[in-house]
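As structure tokens, the structure follows; a few thoughts come after it.
Coordinate-derived values only; no laboratory data. No experiment lies behind these values; they were computed from the predicted model shown. Positions of Cβ are generated from backbone atoms using ideal geometry, with glycine treated the same way; all protein chains shown enter the neighbour counts.
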Amino acid sequence: MITIISGTNRADSMSLRTAKAYYEILKEQKIDVSLLSLENKQVWERGPSMLAIEKQYLIPAEKFIFIMPEYNASFPGILKVMIDNSDIKKCWWYKKAMLTGISDGRAGNLRGIEHMTSILHYMKVNVSYNKLLLSKIKDEIDMDANIIKPETGLLIMQQIEEFLEF
């Protein structure tokens, strides 16, 4: 199973819309995929909510797709908190990850992607080299989670195809 993680807990986020676009592409290909939105999730402590997230989304996953918005030249703290409160060995060790950074600006969360790559390597996660940076995200994904630009759709498809072979 592949788990797509929308890396913010903000309501009505572009991260979740982008994650939904990836989810739909994988579903169309009949890939076993789940979508974890951190919106309204209690990941602040290792309690019942966090244990349920582990059981449903993290432990069964063989691969992860992180859709990460840029927050202050990195990624949202809620994503780091979720990782920190998970059982690192059961959830992350020796699994694979693909990273997509999004931003309203020009860099597509380049710094956050590199920061997350370092963290994942520390946790023994193999990270795909094809890290997609989507800048000016509101010009790339619409309010209904549709990919607007055909070129972006091709880049996402290439990234996904390579990740499925990874």
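For the stretch 50-81, the residues whose amide N sits under 16 Å from a probe point set 7 Å from the Cα of Glu114 along the beta carbon direction are 70-75. Beta-bridge orientation, the chain: approximately 10 percent antiparallel, per DSSP, counting only bridges with both partners inside.
Basic side chains Lys and Arg get +1 at the Cβ, acidic Asp and Glu get -1 at the Cβ, and with that the dipole of the stretch 102-166 about its Cα centre reaches some 340 debye. Measuring r between the beta carbons of Asp84 and Tyr129 and using R0 = 25 Å, the FRET efficiency lands at 0.45.
Dipole of the stretch 54-103 computed with +1 at Lys/Arg Cβ and -1 at Asp/Glu Cβ about the Cα centre; of Phe75, Phe64, Gly101, farthest Cα towards the positive end is Phe64.
Which of His115, His121 has the fewest other C-beta atoms within 10 Å, and how do the rest follow up to the most?
Numbers: His115 16, His121 12.
Least crowded to most crowded, the residues run His121, His115.
Anisotropy class assigned to the stretch 5-67 is oblate, per the alpha carbon gyration tensor with a/c at or over the 1.5 cut-off and a/b no larger than b/c.
In this Cβ point-charge picture (+1 for Lys and Arg, -1 for Asp and Glu), the stretch 10-109 has a dipole of about 220 debye about its Cα centre. Return the calculated 222 nm mean residue ellipticity for the chain, to the nearest 500 deg cm²/dmol, obtained by summing -39500 (n - 2.57) across DSSP H runs with n ≥ 4 and dividing by the residue count. For the chain, the value works out to -11000 deg cm²/dmol. Taking one quarter of the surface of the C-alpha convex hull of the stretch 2-165 gives a mean projected area of 8.5 nm².
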